[in-house]
Amino acid sequence: MSFTITVQPSGRSFAVDRDEPILAAAIRQGVGLPYGCKDGACGSCKCRLLEGRVIHGAHQFKALSPVEEEAGYILTCQAAPQTDVVIEARTVPGAGEFPVRKLPTRVLKIERPASDVAVLKMQLPANDLLRYHAGQYIEFILRDGARRSYSMANAPYTQEQSPGLELHLRHLPGGKFTDHVFTAMKEKEILRMEGPFGSFFLREDSDKPMILLASGTGFAPIKAIIEHLEFKASTRDAVLYWGCRTKADLYLHDWAQAAAVRLPNLRYIPVLSDAQPDDAWAGRTGFVHQAVMNDIPDMAGWQVYACGAPVMVESAQRDFVAQCNLPAEEFYADAFTTEADKHGA
């Protein structure tokens with residue numbers, strides 16, 4: 001048995017199997033709905049249920065509170081329809097443009113730009129490029145079926161020189177995958193991956209200036225977006241804010257500085273929340289999203305692309321909209337939810 005999902009105001013309709021989450025069916029059929037983690041933890045897929053009935057799977061209250069659920073909001077990643085359903089959601093042009101594929105990939109190179117950060121260069125099958133938007137992510141499929149998500153840190157066009165993907169991983173002690181990466185992974189190891197996923201990528205139908213906001217390894221998809229801007233010779237103004245604890249955590253600081261030199265419309269502002277005496281840091285300090293607010297108190301004419309720790313993304317979204325006049329629909333985000341985040345640990 002299947003049901004029909006209708007998305008308003010676009011009027012787009014698609015079929016969903018019984019007990020299948022709405023988002024899974026949308027991805028399968030190339031329908032562009034907003035989403036992030038696919039696990040009920042980030043809230044990016046939140047929308048209003050206008051008609052019909054759904055059953056919700058497990059999710060975090062921070063993604064969808066009981067009050068919001070009572071008011072008729074759902075998470076499409078966890079909501080399985082029990083009838084035909086009408087939802088109110090922004091469609092995302094381009095989100096379903098490229099087919100989701102499963103591919104083998106080989107570890108070509110492992111770099112350690114910081115003690116707890118690994119940069120993986122992954123080689124794809126010969127003459128088989130992955131089509132994706134800069135900012136999207138892939139999932140590694142582990143041997144036990146578990147999945148781990150990582151954003152591409154290189155723009156798609158770079159595969160033409162070296163067919164492969166660049167991924168930035170922070171070591172989470174006790175993490176099933178990152179423990180392996182930092183202790184046992186060797187070059188030439190073969191992994192299985194699936195992608196592309198996600199609705200976090202540049203909205204190219206706008207000429208608004210952009211705030212590119214990253215914390216930690218949330219810099220990865222922002223780096224891909226910057227490479228894409230350079231490739232397209234974009235003239236849109238952009239300012240990159242990268243927040244980290246210490247100077248050592250700015251693991252591609254030189255790359256960001258060089259990008260700001262190459263791109264006349266890009267400025268780079270690193271911000272440290274816990275600068276150490278031996279950092280000899282003369283730059284900005286404090287919380288990165290507050291640095292943005294100090295510099296750009298009126299964001300009415302801006303777009304924001306934010307990626308990193310959920311607390312940073314949530315704080316920025318709340319404060320930029322409430323205090324800086326940012327239109328809510330111009331905040332695009334990808335919160336890096338860990339497995340602990342997803343399970344409420």
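The values are calculated or read from the model by the stated rules, or taken from the named source; none is laboratory data. All of these numbers come straight from a predicted model, not from anything done at the bench. No Cβ is skipped: glycine too gets one built from the backbone with ideal geometry, and neighbour counts run over all protein chains shown.
Which one of these is of a type outside the set (D, E, K, R), out of contact with any helix residue (DSSP H, G or I) (no Cβ under 7 Å at 6 or more places or on another chain) and closer than 21 Å to Asp334 by Cβ: Leu124, Leu120?
Answer to the check: Leu120.
Kindly establish whether Ala220 is part of a helix (DSSP H, G or I), of a type outside the set (D, E, K, R) and touching a helix residue (DSSP H, G or I) at 6+ places or on another chain (Cβ under 8 Å).
no
Can you name the residue in the stretch 18-27 that is part of a loop (DSSP other than H, G, I, E, B) and out of contact with any Leu (no Cβ under 9 Å at 6 or more places or on another chain) and is also surrounded by the most Cβ atoms within 10 Å (Cβ to Cβ) among such residues?
Per the criteria, the residue is Glu20.
Regarding the stretch 28-37, can at least one residue be identified that is in contact with a strand residue (DSSP E or B) (Cβ under 6 Å, 6 or more places away or on another chain) and surrounded by 19 or more Cβ atoms within 10 Å (Cβ to Cβ)? Working first, answer last.
Just the residues of the stretch 28-37 that are in contact with a strand residue (DSSP E or B) (Cβ under 6 Å, 6 or more places away or on another chain), to begin with: 29, 31, 36.
Still in the running and surrounded by 19 or more Cβ atoms within 10 Å (Cβ to Cβ): 31, 36.
Yes: one or more hits.
Just name the residue that is surrounded by the most Cβ atoms within 10 Å (Cβ to Cβ) out of those in the stretch 274-324 that are within 15 Å of Trp242 (Cα to Cα) and among the acidic types (Asp, Glu).
Only one residue tops the list, namely Asp295.
Determine, yes or no, whether Ala15 is free of Cβ contacts under 8 Å to residues at least 60 places away in the same chain, assigned to a helix (DSSP H, G or I) and either on the phi < 0 side of the Ramachandran plot or of a type outside the set (Phe, Trp, Tyr) (or both).
Numbers: free of Cβ contacts under 8 Å to residues at least 60 places away in the same chain: yes; assigned to a helix (DSSP H, G or I): no; either on the phi < 0 side of the Ramachandran plot or of a type outside the set (Phe, Trp, Tyr) (or both): yes.
No.
Would you say Ser44 is out of contact with any strand residue (DSSP E or B) (no Cβ under 6 Å at 6 or more places or on another chain), closer than 20 Å to Val311 by Cβ and free of Cβ contacts under 8 Å to residues at least 60 places away in the same chain?
no
Going through the stretch 165-191 one residue at a time, which ones are touching a residue at least 12 places away in the same chain (Cβ under 8 Å) and either at positive phi or of a type in the set (D, E, K, R) (or both)?
If the condition is that a residue be touching a residue at least 12 places away in the same chain (Cβ under 8 Å) and either at positive phi or of a type in the set (D, E, K, R) (or both), then Glu166, Arg170, Lys176, Lys186, Glu187, Lys188, Glu189 are the ones that fit.
Given the conditions (1) touching a helix residue (DSSP H, G or I) at 6+ places or on another chain (Cβ under 6 Å); (2) in the same structural domain as Leu124 (by TED's automatic domain parsing), report the number of the one that Ser162 does not fulfil.
Result: Ser162 fails condition (1) only.
Go through (1) of a type in the set (Ser, Thr, Tyr); (2) within 19 Å of Ala335 (Cα to Cα); (3) modelled with pLDDT under 90 for Thr91 and report which single condition fails.
Looking at each condition in turn, Thr91 falls short on (2).
Which of the numbered conditions does Arg192 fail, given that it passes all the others? Conditions: (1) surrounded by 21 or more Cβ atoms within 10 Å (Cβ to Cβ); (2) more than 19 Å from His289 (Cβ to Cβ).
So Arg192 meets the others, but not (1).
Do we find that Gly198 is under 19 Å from the mean Cα position of the chain (by Cα), small (Gly, Ala, Ser) and either at pLDDT below 95 or surrounded by fewer than 17 Cβ atoms within 10 Å (Cβ to Cβ) (or both) in this structure?
So Gly198 fits the description; yes.
Going by what's in this entry, would Leu252 be described as buried (at least 18 other Cβ atoms within 10 Å of the Cβ) and more than 18 Å from Ser151 (Cβ to Cβ)?
no
Can you tell me which condition Val92 does not meet? The list is (1) in contact with an Asp or Glu (Cβ under 9 Å, 6 or more places away or on another chain); (2) within 30 Å of Asn127 (Cβ to Cβ); (3) of a type in the set (A, V, I, L, M, F, W, C), and all the others hold.
Every condition holds for Val92 apart from (1).
Just the residues that are at pLDDT 90 or above and within 14 Å of Cys42 (Cα to Cα), please, taken from the stretch 60-72.
Once the filter is applied, which keeps residues that are at pLDDT 90 or above and within 14 Å of Cys42 (Cα to Cα), the stretch 60-72 yields Leu64, Ser65.
So the check is Cβ under 8 Å with 6+ separation or different chains; which pairs have a first residue in the stretch 291-311 that's on the phi > 0 side of the Ramachandran plot and a second one that's polar (S, T, N, Q) and part of a helix (DSSP H, G or I)?
Here the result reads Gly308/Thr217, each pair linking the stretch 291-311 to a residue that is polar (S, T, N, Q) and part of a helix (DSSP H, G or I).
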